[in-house]
Each structure stands twice: as C-alpha cells, then as structure tokens.
1. All but one of (1) surrounded by 19 or more Cβ atoms within 10 Å (Cβ to Cβ); (2) under 21 Å from Lys212 (Cα atoms) hold for Leu146, so report the exception by its number.
2. Out of Ile35, Ile8, Ile13, which single residue is in contact (Cβ under 8 Å) with a residue 24 or more places away in the chain and more than 15 Å from Val316 (Cβ to Cβ)?
3. So Ser62 ticks every box in (1) part of a helix (DSSP H, G or I); (2) under 19 Å from the mean Cα position of the chain (by Cα); (3) closer than 20 Å to Arg31 by Cα but one. Which box is left unticked?
4. Go through (1) surrounded by fewer than 17 Cβ atoms within 10 Å (Cβ to Cβ); (2) touching a strand residue (DSSP E or B) at 6+ places or on another chain (Cβ under 8 Å); (3) touching a residue at least 24 places away in the same chain (Cβ under 8 Å); (4) not β-branched (Val, Ile, Thr) and name the single condition Ser223 misses.
5. If I ask for residues that are acidic (Asp, Glu) and closer than 30 Å to Met124 by Cα, which ones from the range 271-316 would you list?
6. Does Lys90 satisfy the condition of being among the basic types (Lys, Arg) and under 21 Å from Asn185 (Cα atoms)?
Amino acid sequence: MQEVRFGIIGVGIQGSKYLGFFVNHELKNGRLVAICDRDPKVLSKFQKQYGGLFRYYSDSDSLLADPEIDAVFVTTPHYDHVPISIAALKSGKHLICDKPIGVYTKNVGELLEAAEGSDRVFSMMHNQRTNPVFRKIRDMVHSGELGALKRYVWICTDWYRSQAYYNLGGWRATWAGEGSGMLINQCPHNMDLLYWIFGMPERLWAKSICGKYHQIEVEDDVSVFMEYEKGFTGTLLTSTGESPGTNRLEVSCDMGRLVYEGGDSFIFDENVIAEPAFSRSEAENHGTGFDRPACNRRVIRPEGEETAHKGIIQNVINAILNGEKLIAPGPEGINALSLINAVNLSSWTDSTIEFPIDADLYWKLLQEKIEASQSNPFKRKGGV
C-alpha cells in the first residue's frame, strides 16, 4: 500500500475541516475518496461543489461496505460514535474517531472489545497532544524533573460561547442531542490532557451548573477537585460563559512551580534545592522557619510546532503505512470520558466518585436526563 484511501462519515464542521485538508493537498500519502452524511442537503451541497471527485453515501453502512476505502473518520453526533466505530473496525477499516469517544462508558467497553479483536489502526482525534508545550510538560512530569507533585490548578475559561452558538441547532447543548454540555463538547481536550500528563485520579468531587450563563439544559460551568494515588491533588475550573477568559495551568512540585498561560512557552521557577530537603535542613539547623528555597526562573519554549488535527491524521497515515507509533491511541479515549462521566455523576449525586465509576448508575441517571430533554427527536432508548 502506497497511500491510504479515506472516507468521512459526517461532514459537519469537523468533517468539512478534514475534507479541506485533502482537497488542499496538506497530507502526504493520504487521499479522500468518499463522504457520507444522512442529510441529503449536505450531500447535495458537496456534490455540486466537488462533482465526481468523491463517492457520496447517505448511510454509513454503505460507505463501510466500499472495498476501495481503507480508513474512515467518524465525525458524527456523539451518540453515534460508538456504534459506527464498532462497525468500521468490524468491516476492516482503520479508524479515526473524533472526540469524545462516546457519551457514556457503559457502551464504550464494546468498542474497546472490537478494537482488541482487530488489527486495524484506531486513533482518537486528541489533537492537543501535538502541542509542544503540553508534550514538554508531560515529559517533565514523567521524567521526575519536577520531583514529587503537590498540586495542579487548571483555570480554563477561554471556551467562551455566546447564546447564538447554542441556538444553531436544536440538538446542541441537550442531554438527548449531545449527552452533556461543555464537558462532552469542549472539555474532552482538557480531560485527555489531564489523563495524559498526570494519570487517572483515584477519586473526584465536582459541581457542574446547568444553564448558569445560557438558556440551555446542560452544564456551562464546572468545578472539579481530584485526588491522586501519589498524594497530589488537581483542580479544574472551566466554563463557556466568561469573557475575557483565561487558560492557566499551574503545577506545584518539590522542585518549584510551573506556570503555563497560553502561547508557545511556559515558566518554571526552579528551586535550587528541592523543597522537602530544604525544609529538613532548616529544621536541623534551627532556621527561622520563614526562609524559602532560592529559585531560578526558566522560560521554556519547546521546539517544534503544534500540528493539531493534521498532525493526528498524518500520524495515522504513517502508522498504517509504516507502523509509526500513534500519538493518541483509540482505547485511551475512555479515560477522558471516564473523567467526564465522573464529574457529572458527582454533581448529580452530590458525592465523591471513586474510579472506576459505576457505569450502570451513570447510564440510568443519564436516561432520566434524556427522557426530560428538550431535544426529543434525538432521544436514545435501549442503550445506543
């Protein structure tokens, strides 16, 4: 195989973006050959624009039956991610699933079973992993350069959306249409990075407020407190109703403090001596108790560029053709979703949630939300 032939299932905002990468020849050794959308108006628009350049399908089963397609993008509404992804793997297609991997962990297990029994490449579109800053922070955490972690605080309030955004579609920001609010729409990026950099917490407590800033039935303001096995804690504060917002990640550790506030660099105030060693030394030498370790400020600007969505797609092409290691392996998508489900479950039950979460309870409570949802055409009954 010298090139990978792709099909896109769902050509809304994200699917159209991926289509553009191929049309503009921004990817090596990859070619788009087919698109699929259940909306005839959408298909008609692309047929008029591109004519015979692609094959056009109105249902995913027909596209997946096409023997001249090697790999597919699943860029459909959230509830369809799991069943279509399972069908793709079972049909022998390589797979890129847009975030989130699904809406609830209960049925994502079925997708992971399908992936385990398949030799196809399966990647999540967790494109923030290509950001050199987050890659460097992860390296510093995992290498031990920071020493033991004490806590991190991530204030991510630059997800601002006006009411007009939520008015774009009746399915948007509804339990039946999307399965949650900003947690399932914007925050899969944050949740994936938290797992990727810091690992999974042992437990969390959260408060998610529905319709605080907008006329919607789902959450648009979230506060989360997490506890980890190694003793450090994490806090995430996020919303879609604050402007100007901020994106500040602060990590406190034995070796000092790391602060990222957007852009292509971050600050590391590095202690000359690790804080625990300094504290012991002060006690042994009868210090005043008010002195602090000396520290040096480092401005770290990692090399490389953020390749984002194109980087993930090119990585998948390379993985198919020559075995390149995946940046965002598909099965890891359940970790971000587990965090999302845990936040909702904690808020719904006003309790601390231990991992792994109670997937059956989450499904039961989600069904109650769906039954009361304003987006009736998108109601999901029976599990998928």
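The values are calculated or read from the model by the stated rules, or taken from the named source; none is laboratory data. Source: prediction; values computed, not measured. Counting neighbours? That spans all protein chains shown, and the Cβs are built from the backbone with ideal geometry, glycine included.
1. Single failed check for Leu146: (2).
2. Ile35
3. (2)
4. Result: Ser223 passes all but (3).
5. Glu303, Glu305, Glu306, listed by residue number.
6. no
Listed here are the residues, each with its yes/no results for (1) aliphatic (A, V, I, L, M); (2) buried (at least 19 other Cβ atoms within 10 Å of the Cβ).
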{"residue": "Ile197", "(1), (2)": "yes, yes"}
{"residue": "Val218", "(1), (2)": "yes, yes"}
{"residue": "Thr238", "(1), (2)": "no, yes"}
{"residue": "Gly241", "(1), (2)": "no, yes"}
{"residue": "Arg248", "(1), (2)": "no, no"}
{"residue": "Asn271", "(1), (2)": "no, yes"}
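Okay, residues lined up against (1) among the small types (Gly, Ala, Ser); (2) crowded, with 17+ Cβ neighbours inside 10 Å; (3) at positive phi; (4) at pLDDT below 95:
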residue: Ile13; (1), (2), (3), (4): no, no, no, yes
residue: Gly20; (1), (2), (3), (4): yes, no, no, no
residue: Asn24; (1), (2), (3), (4): no, no, no, no
residue: Asn29; (1), (2), (3), (4): no, no, yes, no
residue: Leu32; (1), (2), (3), (4): no, yes, no, no
residue: Asp37; (1), (2), (3), (4): no, yes, no, no
residue: Gln47; (1), (2), (3), (4): no, no, no, no
